[in-house]
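*Asks:* Okay, here's the structure, questions in a sec.
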Amino acid sequence: MVRKIVIAVALSVIGMLVTNAQETQLPQDATGKVIYEAVVHKEGLSADSLQKLAIKWVHSFYKNPSAVIKENKPGVIRIEHKFEVFDIDKKTGKKYKAGRVKYTLVIKFKDGRYKYELTDFKFIANRYIPIEEWLNSKDPKHQEYLKQVNEYATNLISNLRQFIKNPPVQKEEEDW
């Protein structure tokens, strides 16, 4: 009898560990707000040059850059945008739109470095729902949405960093 209880407890502990391992962990600040942020050094470039590169990146990354740029003043760019999240039918594996997630990206510039802050993620439904509400949810849909948010955010950051690290070479036009 004791052996069965020990086995049952061990299995439930293992089950909890596996369930917790499957939850998507997103970076949070001290208040619990989801935020992706970092300072990236790019020696030899002025703040102005870094900002110009970032604007070129915005034009390459977003379909409608003028609509997403909410602020572009010396030393800072603020972008607001939305992306789709999908539900996945477990039987067929097909994706269908579940909603959109709105976010804010702020990029700040100083000589030799820039800082990005990707935050204010909100699921758009009948109201704006901060994704932080899903962090402790056991609902598989919420966990899937968090996974998709993390994938989108890490892709965006990787794309930005790679673009600024290795900017595309501009072709010289012939002088007529």
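The values are calculated or read from the model by the stated rules, or taken from the named source; none is laboratory data. Values in this document were obtained by computation on a predicted structure and should not be read as measured data. Note that we place each Cβ from the backbone using ideal geometry, even for glycine, and neighbour counts take in every protein chain shown.
*Asks:* Across the stretch 114-129, what is the total count of residues that are more than 30 Å from L50 (Cβ to Cβ) and in contact (Cβ under 8 Å) with a residue 60 or more places away in the chain?
*Replies:* The qualifying residues number 0.
*Asks:* Of all the residues that make up the stretch 95-127, how many are of a type in the set (K, R), under 18 Å from L156 (Cβ atoms) and touching a helix residue (DSSP H, G or I) at 6+ places or on another chain (Cβ under 8 Å)?
*Replies:* Number satisfying all stated conditions: 1.
*Asks:* Any residue at all in the stretch 21-30 that is among the hydrophobic types (A, V, I, L, M, F, W, C), under 23 Å from the mean Cα position of the chain (by Cα) and modelled with pLDDT of 95 or more?
*Replies:* Taking every residue of the stretch 21-30 in turn, none turns out to be among the hydrophobic types (A, V, I, L, M, F, W, C), under 23 Å from the mean Cα position of the chain (by Cα) and modelled with pLDDT of 95 or more.
*Asks:* OK, next. From K70, K42, grab the single residue that is farther than 16 Å from Q162 by Cα and either basic (K, R) or modelled with pLDDT under 95 (or both).
*Replies:* K70
*Asks:* Still on this structure, I have one more. Do we have N155 as closer than 16 Å to R100 by Cβ and either at pLDDT 95 or above or outside any helix (DSSP H, G or I) (or both) here?
*Replies:* Spelling it out, it is not the case that N155 is closer than 16 Å to R100 by Cβ and either at pLDDT 95 or above or outside any helix (DSSP H, G or I) (or both).
*Asks:* Just one of the numbered conditions (1) in a strand (DSSP E or B); (2) among the aromatic types (F, W, Y); (3) more than 22 Å from G32 (Cβ to Cβ) is not true of Y116; which one?
*Replies:* Every condition holds for Y116 apart from (3).
*Asks:* Right, something else. Among the residues of the stretch 130-148, write down those that are closer than 15 Å to G32 by Cβ and either of a type in the set (A, V, I, L, M) or part of a loop (DSSP other than H, G, I, E, B) (or both).
*Replies:* Selection gives I131, L135, N136, S137, L146.
*Asks:* Of all residues in the stretch 56-91, which are among the β-branched types (V, I, T) and outside any helix (DSSP H, G or I)?
*Replies:* I69, V76, I77, I79, V85, I88
*Asks:* Going by what's in this entry, would P130 be described as touching a helix residue (DSSP H, G or I) at 6+ places or on another chain (Cβ under 8 Å) and surrounded by fewer than 15 Cβ atoms within 10 Å (Cβ to Cβ)?
*Replies:* The answer is no for P130.
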